[in-house]
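First comes the structure, then the notes that go with it.
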Amino acid sequence: MQSFSDLDKDLKSMCDIIDLLEFDRNLILNEIEKLMEDLDDIKRKRPDTIKQLSRYTKFMEKLIRIIEVPDVRNILEKKENIEELIVKPNVLAEIKREISPILLLFRGIYEESINVNNLVHKVESECCSITCKKNNTFICFCCKTNSKSVIKLCGDLRHSAWERGTRDLLKESEDLLKNLNKNFEINKHFDEIFTAFRNLYDISSKIAHGIIVEDNAEGKEVWNAISKHEYFRKFFDNLLFFALISLNHKVTQIASVNS
């Protein structure tokens, strides 16, 4: 088992995307509200999509419900310190209860949005042969002559696929993000955004695979990890930013199918 306290260095290295990109949190929430209305409209017109969209609906509702708690908003907007939240057991209990479900929903949506397995095959087909970064072994994908090295190379391939998929996800929302800040440039801050998403994904995967659960109290472990003021803001701001671009991706994807 692994405690969330072991992830301190990951949380420390993770930027706050909303601060980094100089976005207005209220404008992001307004855009998410509009996209949720679009999502509801899609479900009304196409009831067959309700099950497909349920993961997005649950993720948005749970995340926004936490962020809209006045004490949480005040912390995100630097109007209160996290110590003021800690002495409010009812608010704290709700956050702890929802953290793990929110992270697991985030994980599923990120995987779906990126379609990482499909991208791995694309990267593989584009690189008939490639040198494994880990052991400098030359691999030929046409004949698969070195199966051990192919397995070792999988990590590099998946990283490249995640990177490409995340860039595509941002590219799809570029116009929307430029409306929030006209100076937004994907390449300028891509590494920081990608690292933040991957850190959140690694954390959520540890929950999914039972690595950090201690006596079924993963909510407590998560709280222990983010209970520093700076980490708390990073955690929820980055989830909020992801919510915006993933929801925009889904609405755009369905609209393109219907057109």
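Odds and ends about this structure:
- Of all residues in region 43-65, those satisfying the criterion of being within 29 Å of Phe184 (Cα to Cα) and among the β-branched types (Val, Ile, Thr) are Thr57, Ile64.
- Residue check: Ile18 meets all listed conditions (1) out of contact with any Asp or Glu (no Cβ under 6 Å at 6 or more places or on another chain); (2) open to solvent by less than 60 Å² (accessible area, probe 1.4 Å); (3) among the β-branched types (Val, Ile, Thr) but one, namely (1).
- Residue match in region 78-93 (condition: surrounded by 16 or more Cβ atoms within 10 Å (Cβ to Cβ) and within 21 Å of Phe242 (Cβ to Cβ)): no
- Test for Arg167: is it basic (Lys, Arg), at pLDDT 80 or above, over 21 Å from Lys12 (Cβ atoms) and surrounded by 14 or more Cβ atoms within 10 Å (Cβ to Cβ): yes
- Remark: Lys51 falls outside the filter, which requires a residue to be farther than 24 Å from Leu200 by Cα, open to solvent by less than 70 Å² (accessible area, probe 1.4 Å) and either out of contact with any Pro (no Cβ under 7 Å at 6 or more places or on another chain) or at pLDDT 95 or above (or both).
- Condition check for Ala225: assigned to a helix (DSSP H, G or I) and modelled with pLDDT under 95: yes
The values are calculated or read from the model by the stated rules, or taken from the named source; none is laboratory data. It should be emphasised that the depicted structure is a prediction, and the values quoted were computed from it without experimental measurement. Please note: Cβ atoms are built from the backbone with ideal geometry, for glycine as well, and neighbour counts cover all protein chains shown. In case anyone asks, the SASA skips ligands and DNA or RNA and just uses the protein heavy atoms, side chains included. Shrake-Rupley method; radii C 1.70, N 1.55, O 1.52, S 1.80 Å.
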